[in-house]
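Every number here is computed from the coordinates shown, using simple stated rules; none is lab data. Everything numeric in this text was worked out from a predicted model, so none of it was measured. Ideal geometry is used to build each Cβ from the backbone, glycine not excepted, and the neighbour counts take in all protein chains shown.
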Amino acid sequence: MSTDTAKIMDGKAIALKIQTELADETSRFIQKTGVTPCLAAVLVGVDAASEVYVRNKQRACKRVGLSSQLHKLSADASQQSLLDLITELNNDSQVHGILVQLPLPAGLDSTQILDSINPQKDVDAFHPENVGLISQGRPRFLPCTPHGVQQILDRCGIELSGKHVVIVGRSEIVGKPMAMLLINRDSTRGPQAANATVTICHSRTTNLAAITRTADVLIAAIGKANFITADMVQPGAVVVDVGINRTAEGLVGDVNFDDVSTVAQHITPVPGGVGPLTVTMLMHNTLTAARIQTSNAAVE
Ligand code: NAP
């Protein structure tokens with residue numbers, strides 16, 4: 001089926017709805033346990049985009065009823081000082097989730113830093129233990145951006161079970177974990193939001209457009225402005241744009257929105273698409289982290 005103008009999947013509105021649901025859950029959790037879930041954000045150096053992301057995360061914490069901390073280190077902070085801060089946060093029972101805002105300044109080993117986070121506080125789900133649990137289909141935390149994409153699709157009534165999903169991008173943060181969530185047998189939204197047949201493409205993929213044109217659902221996580229054009233999209237497909245690219249015209253996605261809107265059935269905008277969901281799913285994970293740590297404390 002082709003359409004003249006795609007239906008917009010409003011990530012901002014969906015994110016606010018989920019935040020209202022999370023606020024209810026958080027308030028019930030606090031009433032029951034007396035514990036306020038807390039997210040500690042670590043920001044190293046001065047990067048305008050990172051400052052905005054961290055501020056958005058802190059504002060979302062406030063809306064949901066979570067507490068938050070911000071730990072700022074200067075750009076010349078040493079690897080050891082960052083590791084010491086993580087150890088301090090790992091040992092602080094008032095802190096349930098730890099988030100290190102990426103990218104870190106050049107010279108810092110982000111893999112070592114991320115691996116040093118207590119897996120039970122790893123609300124970004126980057127720690128190898130959490131990635132392993134996700135790949136085995138028994139996640140502790142769900143990766144924020146992929147989980148957000150799954151939420152948008154399901155809440156817009158897009159069934160994924162049995163569908164061909166093509167993901168362009170194989171990063172550890174988006175493409176790869178996205179595929180893992182969608183091939184699982186079940187999801188937080190039920191089996192209809194999983195059980196997809198997934199193809200992952202990357203920069204070495206040959207004949208990319210021929211593959212993307214076979215997608216019922218196309219997910220772009222490339223990092224190249226306006227890369228996906230209408231000729232790469234099957235008429236009637238659902239298109240999710242994860243990309244965030246800063247250009248002279250402002251923020252744009254990886255999908256040429258105006259062009260692809262003429263063939264797609266559903267599409268996410270940038271901004272106002274996946275971005276607000278990523279922040280929201282971080283709130284979801286912080287509440288999950290507090291639940292895990294509180295029930296552990298009750299057992300000890
Ligand atoms: P990344 O680590 O740079 O990965 C980009 C992926 O795109 C790589 O796998 C790369 O292939 C692939 N790629 C690059 N050029 C390609 C081409 N010409 N054809 C096919 N594949 C190509 O980026 P990322 O962290 O996944 O982020 C992707 C985008 O999403 C960025 O714009 C980022 O800002 C955005 N993002 C948004 C959110 C959100 O909340 N909305 C969250 C995270 C990221 P190779 O592996 O072969 O190099």
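The table that follows gives values for the structure above.
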{"item": "Residues of segment 122-164 with amide N under 18 Å of the 7 Å Cα→Cβ point at ALA297", "result": "122-123"}
{"item": "Sum of side-chain charges, GLU129 neighbourhood, beta-carbon under 10 Å (Lys, Arg +1; Asp, Glu -1)", "result": "-1"}
{"item": "Sum of side-chain charges, GLN69 neighbourhood, beta-carbon under 15 Å (Lys, Arg +1; Asp, Glu -1)", "result": "+4"}
{"item": "Cut-off 15 Å between beta-carbons: net charge of the residues surrounding THR5, Lys and Arg +1, Asp and Glu -1", "result": "-3"}
{"item": "Gain upon complete extension [ASP231, GLU21; 0.36 nm per residue less C-alpha separation]", "result": "71.7 nm"}
{"item": "For the chain, with +1 on Lys and Arg beta carbons and -1 on Asp and Glu, the positive-most of ALA15, PRO103, ASN226 along the dipole", "result": "ALA15"}
{"item": "Mean ellipticity per residue at 222 nm, deg cm²/dmol - from DSSP H runs of n ≥ 4 across the chain, formula -39500 (n - 2.57)", "result": "-12500 deg cm²/dmol"}
{"item": "Dipole of segment 44-149 [Lys/Arg +1, Asp/Glu -1 at C-beta], most positive-end residue of CYS144, SER116, LEU85", "result": "CYS144"}
{"item": "Estimated dipole of segment 105-157 in Debye, rounded to 20 [Cβ of Lys and Arg +1, of Asp and Glu -1, Cα centre]", "result": "240"}
{"item": "³J(HN,Hα) computed for each position of segment 40-55 - Karplus, 6.51 cos²θ - 1.76 cosθ + 1.60, integer Hz, glycine/proline x", "result": "9, 9, 10, 10, 10, x, 10, 9, 4, 5, 4, 4, 5, 4, 5, 4"}
{"item": "Size of charge dipole - the chain - debye, nearest 20, with Cβ of Lys, Arg +1 and Asp, Glu -1, no other charges", "result": "540"}
{"item": "Crossing angle, helix 11-33 versus the chain [Cα axis fit, 0-90 degrees, rounded to tens]", "result": "30"}
{"item": "Stokes-Einstein D (µm²/s) once Rh is taken as the Kirkwood radius of the chain over alpha-carbon pairs, at 4 °C in 1.567 mPa s", "result": "65"}
{"item": "Length released on extending from ASP84 to ILE30, taking residue separation times 0.36 nm less the Cα-Cα span", "result": "16.5 nm"}
{"item": "Nearest-ten-degree value, helix 79-91 long axis tilted from longest Cα axis of the chain", "result": "80"}
{"item": "Listed residues PRO276, THR247, THR262: farthest to the positive end of the dipole of segment 232-300 (Cβ charges)", "result": "PRO276"}
{"item": "Alpha-carbon centroid distance for the pair segment 194-237 / segment 19-84, whole angstrom", "result": "34"}
{"item": "Dipole moment magnitude, nearest 20 debye, segment 4-43 about Cα centre, only Lys, Arg, Asp, Glu C-beta charged", "result": "120"}
{"item": "Whole-number D in µm² s⁻¹ for segment 150-196, Kirkwood Cα-pair radius fed into Stokes-Einstein, 10 °C, 1.306 mPa s", "result": "150"}
